[in-house]
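The structure appears right after this line, and notes come after that.
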Amino acid sequence: MRSSNHNHETEGHNPAAEVSLFPELTPPSIESLAEGVTLLRAFCLDQAPALFEAVSSIETTSPFRHMVVPAGHTMSVAMTNAGELGWTTDRTGYRYSPIDPANDRPWPAIPAVLLDLAQSAAAGAGFPGFTPNSCLINRYAIGARLSLHQDKNEQDYGHPIVSVSLGLPATFLLGTLRRTDTPRRIRIEHGDVLVWGGPARLVYHGVAPIAQGGHPLTGPFRINITFRRAR
Ligand code: MD6
Ligand code: FE
C-alpha cells in the first residue's frame, strides 16, 4: 500500500506495494522528481471517471489509431487528440496539425473537465496561467511501450507539459538531457499527474512495456493525456 513517507521511485522492490487495497484512501502528495518535474500523486483520482468519460467522447469523433513514425514502424501506443492542434506522425515526419488526418476535420475541442484539470495541476506545480491548446491522448494495451524520446515539436519550451495517467500502472523512464544516460524508473499510477517544465523540458523519457493487468475504470488499458501549448 502506498504511504507518503515511502520512496516510490524504486520500482518493483516490494510486491505488496503494487496494488492499493484502498485506492480511495490514497492521499494526494507532491514529489519533486527533478528540477522542473513534479509528480502530483492521486491528484485527479476523484475526477478519474469524468476524465475517462471525456476521453470516450473524444474517441467517438477522432478514434484511437496507431500512427507510423518517419523510420517506418507503427507505434504500439494508440493515439488521438483534442484541441486546436493535435500531434501526429507519418512517414513524412512529426507535426502538430489543426486537422485530424483520419477524417479531415478539426480535432474535437478539449472538454472542460480536462482543461480545468490541466490548469489546476500546472498551477499546483508552480506554473500558473497555463493555457494548453493541444491535448494528446495515448492508449496503451498490455505490452505497449514508448521508446526514449524528447518532446521537441512545440514552438516555445517555456510552457510546461501536464501529463495525466489513468488505468493500468506504468513504469515511466525519466532520463536526462543525454540519451545515453540510464533513465530512472518511476512508477506512475491511476490518478497521478506529472507536471514537466523549466530545466526538465527537454529531458529524454519513455514508458516501459505495460504489465499484464486489469483496471476497474479502463479495463486492459493505460490512458495518458498530455496537455501542451504547441505554438
Ligand atoms: C506517457 N508521456 O506517459 C508518455 N512527455 O504515456 C510522455 O511522453 C510525456 O508524460 C512529455 C511530458 C510528460 C509526459
Ligand atoms: Fe513525451
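The values are calculated or read from the model by the stated rules, or taken from the named source; none is laboratory data. All figures in this text were calculated on a predicted structure; none of them were measured in a lab. Neighbour counts are summed over all protein chains in view; Cβ atoms, including those assigned to glycine, are modelled from backbone coordinates with ideal geometry. Surface areas here come from the heavy atoms of the whole protein model, side chains and all, with no ligands, DNA or RNA. Shrake-Rupley method; radii C 1.70, N 1.55, O 1.52, S 1.80 Å.
The equivalent ellipsoid that matches the C-alpha gyration tensor of the range 152-231 spans semi-axes of 24, 16, 9 angstrom, in descending order.
Highest mobility in the GNM of the chain, judged by mean-square fluctuation with C-alpha springs under 10 Å and restricted to Arg105, Arg184, Arg145, is found for Arg105.
Could you tell me whether the range 30-98 comes out rounded, prolate or oblate from its Cα gyration tensor? Rule is a ≥ b ≥ c as square roots of the eigenvalues, rounded for a/c under 1.5, then prolate if a/b exceeds b/c, otherwise oblate. Here the range 30-98 falls in the oblate category.
If you count only protein heavy atoms with a 1.4 Å probe, what accessible area per residue comes out for the chain, rounded to a whole Å²?
It amounts to 47 Å² per residue over the chain.
Relative to the longest principal axis of the C-alpha atoms of the chain, give the angle of the C-alpha long axis of helix 48-61, reported between 0 and 90° and rounded to the nearest 10°. The angle comes out near 20 degrees. If you bin every alpha carbon distance in the range 162-204 into 10 Å steps from zero, what whole percent lands in each bin? Histogramming the range 162-204 at 10 Å steps yields 28, 49, 23, 0 percent. Using Cα-Cα distances under 8 Å and only pairs 6 or more residues apart, what relative contact order does the chain have, in percent? Relative CO of the chain lands at 24 percent. Taking the empirical scaling 2.2 N^0.38 Å for compact globular proteins as reference, the range 50-89 has a Cα radius of gyration ratio of 1.29. Think of the range 84-124 as a dipole: +1 on every Lys or Arg Cβ, -1 on every Asp or Glu Cβ, centred on the Cα centre; then among Thr89, Ala123, Trp107, Thr89 lies furthest on the positive end.
Rounded to the nearest 10 degrees, the angle from helix 112-124 to the longest Cα principal axis of the chain is 60 degrees.
Taking a Cβ cut-off of under 10 Å around Val207, the surrounding Lys, Arg, Asp and Glu residues balance to a net charge of +2, with basic ones at +1 and acidic ones at -1.
Projecting the alpha carbon convex hull of the chain along each direction and taking the average yields 11.8 nm². Per-peptide packing, taken as the mean over residues of other Cβ atoms within 10 Å, places 80-90, 187-197, 173-183 in the sequence 187-197, 80-90, 173-183 from highest down.
For the range 43-99, carbon and sulfur atoms together expose 58% of the accessible surface, with a 1.4 angstrom probe and every protein chain in place. Work through the residues other than Ser165 whose Cβ is under 10 Å from its Cβ and net out their charges, Lys, Arg +1 and Asp, Glu -1. Summing Lys and Arg as +1 and Asp and Glu as -1 gives -1.
Of interest is the spacing of the C-alpha centroids, which for the range 145-170 and the range 111-137 amounts to 13 Å.
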